[in-house]
Amino acid sequence: MSTDTTTTGTEHHFGEDITAIEPDAIPHEHKDLRDRDYVFIAFLLLILTALEVAASYIELGSLLVPILLIMMAIKFVTVASFFMHLRGDARIFSWMFYAGLFLAVGVYAAALTTFHFFAP
Amino acid sequence: MSDATINPADAAPVGSDAPAEHMAIPAGYDDGQDHIGLEHHTSTGLSNTKLAMWLFLGSECLLFGGLISTYMLYRNRRADTLGPDQLWDIPFTSATSFILLMSSLTMVLGVQAAKRRDDRNTRLWLTVTALLGGLFLAGQIYEFTVFYREGLGFTTNLFASSFYTLVGFHGAHVSVGIIMLMATVGMLLRNRVHGNKAETVEMIGLYWHFVDIVWIVIFTLVYLIPA
Amino acid sequence: MNNRTSMSVPKGASTVRSVSRRLRIAAAVGLGALVAGCAQDAPQNTFDPAGPNAQRIQNLQVPVFIIAGIVGVITLSVIAFVVWRYRDRGQAIPEQTHGKPALEIGLTILPALILIGVAIPTVSTVFALAETDDTECVINVTGQQWWWEVDYPVQDGCGGISAPIVTSGQMVLPVDTPVLVRGTSRDVIHSWWIPRLNGKRDMVPGRVQTNRMQADEPGIYAGQCTEFCGLSHANMRMEVIALEADDFEVWKANQLSDYESPTNELALAGESTFIAQCSRCHQVNGLTDGDGDPIVSRPDLNVYSGAAPNLSYLMTRTTFAGAMFDLLTPECRADVWEAPPDEFGERYLEGVTPECLNRVQLREWLRNSPAEKPMYTDPNELAATNGLPRGMPYLALSEGQIDELVAYLLERK
Amino acid sequence: MAIIERPTDTPALAPSGGAPAVTPTRSYGYLRRPVQTTGWRSWAFTVDHKKIGIMYGVAAMLFFVVGGVEALFIRLQLAGPEGTVLSADAYNQMFTMHATTMVFLFVIPMAAAFANYMIPLQIGARDVAFPRLNALSLWTFVFGGIFLNTSWFLGGAADGGWFMYAPNSAVPFSPSNGVDYWTLGLLITGIASLVGAVNLIVTVLNMRAPGMTMMRVPIFTWMALVTQFLLLFAMPVITVALVLLLFQRNYDATFFEVAEGADPLLWQHLFWIFGHPEVYIIVLPAFGIVSEVLPVFSKKPLFGYPFVVFSGAAIGFVGWGVWAHHMFASGLGPISVAVFSVATMAIAVPTGVKIINWTLTMWGGKLRFTTAMLFATGLIVMFTIGGLSGVTHSVAPSDTQQTDTYYIVAHFHYVIFGGAVLGLFAGIYYWWPKVFGKLLNESWGKANFWTMIIGMNLTFGPMHIVGLQGQPRRMYVWTENRAGDGFFNIGFWNLVATIGSFILAVGVLFFFINVWVSRKNPPAPADPWDARSLEWMAENPPKEYNFERTPTVHALDEMFHRKYEDVGEGDAHDYVKVATAEEIQAVETANRDDHVHLPSPSYWPIVLSFSLPVIAYGIIYSTLLVIVGLAIATVAMFGWALEPPTADDSEFESPEGGDGGEPSKELVASV
């Protein structure tokens, strides 16, 4: 019976399954990095941290905050992408996590803005 | 078990033959279930646990976001009381940040070992991770006592309350992580981990890295950006 | 109006009205009655503006309500039609329509367009109401549990204020003058709301917020604290009193007049009772102690919120206890509240006369104020506030002391 | 029980005979697993999503009664001027707890009850993704709700309003422990919501039957999914706010200490960043329910299913950008006010889309007005009214007149009672035969509906009038002086509202009478409503394992397409019934899966949940109790971790000595 219905209705294919198994949604286990690569990434993170600390000691004026924020973001994304494997993993994980992250940044930034700039 | 008892009358085809024939499952009909192995039986082919963990971490972003926002709002609310500029010891905090960052590396090495089904190295790396985490916590506690001795109690001012709450929440997360790591090491030792060991270790890894990236944010926003 | 004779306030030009003003008032009243049938509406009716700020809101909200009403009637009619027309009358299985995207999109865009039409005037009104540059008079309000302090800083505005004026519960302002109300709070968040003059604005401790007030004609405009502020939130009321410019001058002069010692024995006894029992919290300007030094209340040491109403000119107001009770008897109250605009100033400036005083309520209040108004003044409940009462405590006054205090207070005008 | 027994005398149609009865041979953790299938233990330790759903529903209905009684007290107090039924203090506690109870202990859990029960059935799963977490969220909610309500007997309930604005919630202004109970109680129920959200999202994404693509997922499940995402992201925000308040009250932190320079608006932002998504958390499940009910009783598919799905998602998303419309009077500054005002108007569009789609679903249909359909239609009408009054105060300047007056109270009761509660009742009537195997009485049902509708309009309708006449909210008395007279007299309409509230209460009482008189109804037919979605393929009530075999899905409205066939030619559609639900179920039974693995019951969820109120009492009264609570929690967590969610085949021994080792279907992941 069930096989018949697929041919009768015009209504069955509104959209693709957003989470359907597509070739590139399957985890790329084989593309896993080797231990050496992780050590290298950690080393990069250390250098970035050192740069951050150094930057906070140098007179950079108004450039300091954006520079620090950019380096912070790079570190954040690096850990998430490689150590947490978001890069090679199914995209839905990135969606879940970054949805929370961007929502948090969005609402809290907006809320803080109402305190600092918009208040009469 | 009475629920599961099947009434033979229900089981027999009801009504005429026509619908039964209509609904009969052809020989060799494949409902797609039997070929799906234990690992990939879900609709998306992804692990339930891992999906749940990522959802949880997404949710945690809003928790830490709220605490960080509270701190950002209150960090220099009153110039006349003790503030961050008088207290920070950037070299020391950099060192503890370095330790936490390194624990992320050892964690990922532990996950790799678990994927190779190398229990011995998994236990080793998890233990090292827990130790580094412990060291970080010790650094935090030391830092708190220094601040406290300089006169910054939890109730001293808005900066103090929001700083201790934010960093304390992070510290609590680190502590939970350490407990999970040590419990996993113990369960690995006694072979009491259920299901997929590598996945269990990977979940703890995700949590641990999350704690690490929260610290990346805290370190920059709280410590490095001048008040 | 049997007590008009006791009025001591000089009559100014307030009785002389320009023809155009009369016409305007008549037009306003007529139109108001036509639009809302408002003659008998509650004094806090949100659809009965009496000043340009509230009028701005009215101009926006009336069309919005009408649009919403029309949309509602159409929608509900369609639903009613569908329910009636397509009820099960044994018809065949209907066509399994899954949707008509074009219709869907159209019916999505339509409400969006209506809302854009609403959004544009909304935004412009928001900014217009936030404008503060054109105000000519600054009045501060401070909310606390559960009354409003109103004070007039020294300024050129308001026709010139030479020394600070402090009053409570009633804000007196000149008509047709844009007033900037600056407000804050001493404890929790309160909200300043005079519906006929403007929308509400929360008065938040630690912040100074503004609200424009302007009344078109003399009268009394009721308001109420609308941000939940604890036990007696329901009893925290206030009024705006709009007076003609010359009446306002009279009022100001009154508020700055010198202290007059009591004229009769009872009131004189009341003065000492007041000094002994009340002056720790309540200020009466000009009151001096035995050494001739001014008695300044130090309320912040005695009351949690840090203040109690200034009673120097109590009987120029018509309410007390956070505008919870009327100082006037019901008949006299009606005289003031229902006075036509051209007589209002005169009647308000009479203040409270002995004949009009609501003695019963005032005596009850003095006898046991916590029983009259819910306040955390039970000594057993004061641990959280370090023993400080919030609101007026029970003073265990004797009936004789109450008589004296009433006599004394009756002369505070 | 872990493994479903199959009788050995299974009909010949079954492909591979019956699996032997099996019993666990080992205990896990520190205790043997609870294996009772009857009695209270079969409920207390169950991990079956259906039993959990029923318990969620029962608990929520009890709290509904509690919240309702609180509402009646409020209305009695306000029936006349200077009411004396309650003291100011008692009144403040009453309205605080009325709102808190209705929002956190009735609507959210009632929606969770439907989500728990229906989602696995609607997507063709045997259980949720994490059955033990499901039990944890149920018991955490139950204990949290009880904890919150014990404050009535332990020094007074919270008295700051459900929005609990700082600094009025600080110790000097609210010295009783009520606010502490409120804070801790909401933290506990927040854990329940968060755990449930993670669980149900994973369930919807991962546990769908073969062929059940996201665009074939029944609309209720879709709306529940959006709701769970909102809970997932909103709960941490209120958690932050509650933690700050808790630390302020109990450990002297300074977060809302104005003298220290704190800004009370911080609380407002945190509260409403949570609080506005919360509004959609309340109403979206009900939208989902009526979107199920209307098509069934119109005998038409949901009009514009993708539009309804995407408008639901859009409401969920835009709902995050409008929180400050609760703060138009707070002094945000004109730019913020303008931005949030416009954003708020924007959210009316997807909401309007829903109303339009529901109407068009009914258009051209064959409408059968059963009680469920009446409630669903009632929702459209009442929600339209509430939605339109909502538009009027998205206009910020107008809102500064109406906010904190009864006009707002009228608005959100039309939205929450007229939207959420009517929708939930529609769901109760619609799914009652599914859950309990019996139909509810239709006559009592109609009495229930009409009394509730009349009651709610008499209660909340007049609030529009008194609100526009300037009566503020949260006032324990109103005074004749400010009442006006004539048609718009506040006193008259307050009295009407009070009378209406009692009619409403009678309406709710009719529901309970209906439950009582329907208890002995004969078993309901398999498909009493000629329904369209997958849950009706299971029996009434469903077996512990839900489906005889995991269904394969080919269409949206799968059940309809199994029952009806289009025999029309070309574009002409002509549907004829080709099978009854009984026949479909019979075929499923005949081809059933043997050897179904279900998660095993567990002690640990309820134990872990129990530790939370212990810790909470400890925070209020004694550190020792905190330690005891933490100890219980630790034991429970370790017991949990050491206990496999489903016993492996190898852990079972068949009485016949069979190998019991056929390939089995793992149904749950390990957590």
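The values are calculated or read from the model by the stated rules, or taken from the named source; none is laboratory data. Computed from a prediction, not measured in an experiment: that's the story for all the values here. With ideal geometry, Cβ positions are generated from the backbone for all residues, glycine too; neighbour counts draw on all protein chains shown.
In table form, for the structure just shown:
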| read-out | value |
| --- | --- |
| Segment D:596-636: number of residues that are crowded, with 18+ Cβ neighbours inside 10 Å, among the small types (G, A, S) and without any contact (Cβ under 8 Å) to a residue 24 or more places away in the chain | 2 |
| Residues of segment C:143-163 that turn out to be surrounded by 22 or more Cβ atoms within 10 Å (Cβ to Cβ) and either small (G, A, S) or under 25 Å from C:I189 (Cβ atoms) (or both), as a count | 8 |
| Subset of segment D:317-346 that is among the hydroxyl-bearing types (S, T, Y), more than 9 Å from chain A (Cβ to nearest Cβ) and assigned to a helix (DSSP H, G or I) - its residue that is nearest to C:T184 (Cα to Cα) | D:S341 |
| Residues being among the aliphatic types (A, V, I, L, M) and surrounded by fewer than 24 Cβ atoms within 10 Å (Cβ to Cβ) - total across segment D:401-414 | 2 |
| Residue match in segment D:100-122 (condition: surrounded by 24 or more Cβ atoms within 10 Å (Cβ to Cβ), touching a Leu at 6+ places or on another chain (Cβ under 9 Å) and not in a helix (DSSP H, G or I)) | no |
| Selected residue (only one of D:L225, D:L186 is under 20 Å from B:G66 (Cβ atoms) and either in a helix (DSSP H, G or I) or of a type in the set (S, T, N, Q) (or both)) | D:L186 |
| Selected residue (criterion: surrounded by the fewest Cβ atoms within 10 Å (Cβ to Cβ)) from residues of segment C:345-379 that are of a type in the set (A, V, I, L, M) and farther than 19 Å from C:L243 by Cβ | C:V360 |
| Given (1) at the interface with chain C (Cβ under 7 Å from one of its Cβ atoms); (2) buried (at least 24 other Cβ atoms within 10 Å of the Cβ); (3) of a type in the set (A, V, I, L, M); (4) more than 26 Å from D:M327 (Cβ to Cβ), number of the condition D:V391 does not satisfy | (4) |
| Residue within segment A:110-117 that is among the aromatic types (F, W, Y) and closer than 24 Å to B:H209 by Cα present | no |
| Single condition B:S43 does not satisfy, out of (1) modelled with pLDDT under 50; (2) within 30 Å of D:V195 (Cα to Cα); (3) not in a helix (DSSP H, G or I) | (1) |
| Number of positions in segment C:96-121 that are of a type in the set (D, E, K, R), outside any helix (DSSP H, G or I) and crowded, with 16+ Cβ neighbours inside 10 Å | 0 |
| Residue ranges of strands (runs of 3 or more DSSP E) in segment C:127-199 with at least 1 members over 30 Å from D:S341 (Cα atoms) and under 13 Å from the mean Cα position of the chain (by Cα) | C:147-152, C:165-168, C:170-174 |
| Flag if D:I453 is more than 27 Å from the chain's Cα centre (by Cα), surrounded by fewer than 24 Cβ atoms within 10 Å (Cβ to Cβ) and more than 7 Å from chain C (Cβ to nearest Cβ) | no |
| Failed condition for D:E292, given (1) within 23 Å of the chain's Cα centre (by Cα); (2) charged (D, E, K, R); (3) farther than 30 Å from C:L103 by Cα | (3) |
| Test result for C:T125, surrounded by fewer than 19 Cβ atoms within 10 Å (Cβ to Cβ), farther than 26 Å from C:D246 by Cβ and within 11 Å of chain D (Cβ to nearest Cβ) | no |
| Pick from segment D:244-270, criterion at the interface with chain B (Cβ under 7 Å from one of its Cβ atoms) and part of a helix (DSSP H, G or I), ranking: surrounded by the most Cβ atoms within 10 Å (Cβ to Cβ) | D:L270 |
| Of residues in segment D:320-372 being among the polar types (S, T, N, Q) and closer than 26 Å to D:W267 by Cα, the one farthest from the chain's Cα centre (by Cα) | D:S336 |
| Residue count for segment D:394-412, restricted to those that are more than 9 Å from every other protein chain (Cβ to nearest Cβ) and of a type outside the set (S, T, Y) | 5 |
| Filtered residues of segment B:189-214 (kept if free of Cβ contacts under 8 Å to residues at least 24 places away in the same chain and more than 13 Å from chain D (Cβ to nearest Cβ)) | B:I213 |
| Pairs with Cβ under 9 Å, 6+ apart, first in segment C:89-108 and facing another protein chain (nearest Cβ under 7 Å) and under 24 Å from D:R216 (Cα atoms), second loosely packed, with under 15 Cβ neighbours inside 10 Å and not β-branched (V, I, T) | C:I93/D:D574; C:I93/D:K577 |
| Residue in segment D:494-511 that is more than 30 Å from the chain's Cα centre (by Cα), of a type outside the set (A, V, I, L, M) and at pLDDT 95 or above present | yes |
| Only one of D:R132, D:R75 that is basic (K, R) and either without any contact (Cβ under 8 Å) to a residue 24 or more places away in the chain or farther than 30 Å from D:M463 by Cα (or both) | D:R132 |
| Identity of the residue in segment D:456-484, surrounded by 18 or more Cβ atoms within 10 Å (Cβ to Cβ) and charged (D, E, K, R), that ends up farthest from D:L509 (Cα to Cα) | D:R482 |
| Criterion (aromatic (F, W, Y) and over 22 Å from B:L63 (Cβ atoms)) met by exactly one of A:Y108, A:Y98, A:Y57 | A:Y57 |
